Amino acid sequence: MYLSNLLQKVYSDLGQTPKNYGQFTATGGSATTFVNSAWGDLESPPETDAFKNMMAFVVRDSGGANASPEGKYSKISAYVDSTYTGTIATVTDAIASGDRIMIVSQDKFPLDQVIFCVNRALENLGTIEYPDTSLTSAANQTEYAVPVTFKNRKPKAIYYQGITNDSNNNAWIPVSNFRFEGSTGGTTGLLYLPQLPANRTIKLVCERIHPVVSDYNSYVSESIHPEVATNAAILEVLSWYNRLDENQGGNDFFLWLEGEYRDKRLPMSLAKNPIEKQARNPRYSIFPNQKGGTINDYDIDLVHL
């Protein structure tokens, strides 16, 4: 799932799409416009500048999955009712007839703030399993620098390549004797290994905080179910919104909805779709073979193995 897909779910579930006009199939457009002449058949079509300052998402490109500009989004600067045309900042490739468009309001939940909340939510869900193969063994070397992004947790398991001439059969050999040392902030950690055969890929099975997502096509890890990611993001957005000085105690619905997501929807989605991780230090296999648990900032058990 891309960041764009997650943003669409968040805005839709928060009810931020204009009634009757929120999603539609374009009848034409360009890289800087969208057209929906079908609105002319409505009893009450949208008026000029009805969507000004809202965001337009290209939900689906008619050319096929992930064909550009699918997933891209842009701010609407104008809408002309006589031609059913909206003007947007460029999405590089032309919006065409058959493309699916979604319009969302930013009045309550500005896009940049929602993206910030998405990243907070992914961080608060805890670490995700993230194998790393950036290290290569060398002759007369037993100490290796570990990337900064993997310093949050010590490696759960380490393997080195047993076969080097078959990409489909690496025959990973577990390393049972290793030691990891942290370091000051922003610098690499240090991994101590026994002397390994030279020129072998070293695989670290680590846990790390989810990488920051910022671009429309930034990936949200597949280890997090879309329902979990959506509910966690909505909880963060509502928590931010309800903390604003002008909103504290002022919107009973969003206060209730925040509690609904914190106490019911997010825990229920995690119960149905736990974030699975490999057991620590498996002896013979890189597949889950023990039970474990992790508690995150939401105080919810995330792991069921």
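The values are calculated or read from the model by the stated rules, or taken from the named source; none is laboratory data. These numbers were taken from a predicted model, which means no experiment stands behind them. Cβ placement follows ideal geometry from the backbone for every residue including glycine, while neighbour counts extend to all protein chains displayed. Protein only, heavy atoms only, side chains kept; ligands, DNA and RNA dropped before computing areas. Shrake-Rupley method; radii C 1.70, N 1.55, O 1.52, S 1.80 Å.
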Of the residues in the range 112-156 that are closer than 16 Å to G189 by Cα and among the small types (G, A, S), the one that is most open to solvent (accessible area, probe 1.4 Å) is S134
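Could you check the range 107-148 and list, in sequence order, the residues that are of a type outside the set (D, E, K, R), assigned to a helix (DSSP H, G or I) and within 21 Å of Y2 (Cβ to Cβ)?
Result: L111, Q113, V114, I115, F116, C117, V118, N119, A121, L122, N124.
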All conditions in (1) open to solvent by less than 20 Å² (accessible area, probe 1.4 Å); (2) hydrophobic (A, V, I, L, M, F, W, C); (3) under 27 Å from H210 (Cβ atoms) are true of A65 except (1)
Across the range 2-59, the tally of residues that are within 18 Å of P226 (Cβ to Cβ) and either open to solvent by less than 50 Å² (accessible area, probe 1.4 Å) or hydroxyl-bearing (S, T, Y) (or both) stands at 12
Those residues of the range 69-101 which are open to solvent by less than 50 Å² (accessible area, probe 1.4 Å), in a loop (DSSP other than H, G, I, E, B) and either touching a helix residue (DSSP H, G or I) at 6+ places or on another chain (Cβ under 9 Å) or within 24 Å of V213 (Cα to Cα) (or both) amount to P69, E70, G71, K72, V91
Screening V213, V237, V228 for residues that are outside any strand (DSSP E or B), touching a residue at least 40 places away in the same chain (Cβ under 8 Å), touching a Ser or Thr at 6+ places or on another chain (Cβ under 9 Å) and under 30 Å from V58 (Cα atoms) leaves only V228
All conditions in (1) in a loop (DSSP other than H, G, I, E, B); (2) more than 20 Å from the chain's Cα centre (by Cα); (3) over 29 Å from Y261 (Cα atoms) are true of G15 except (3)
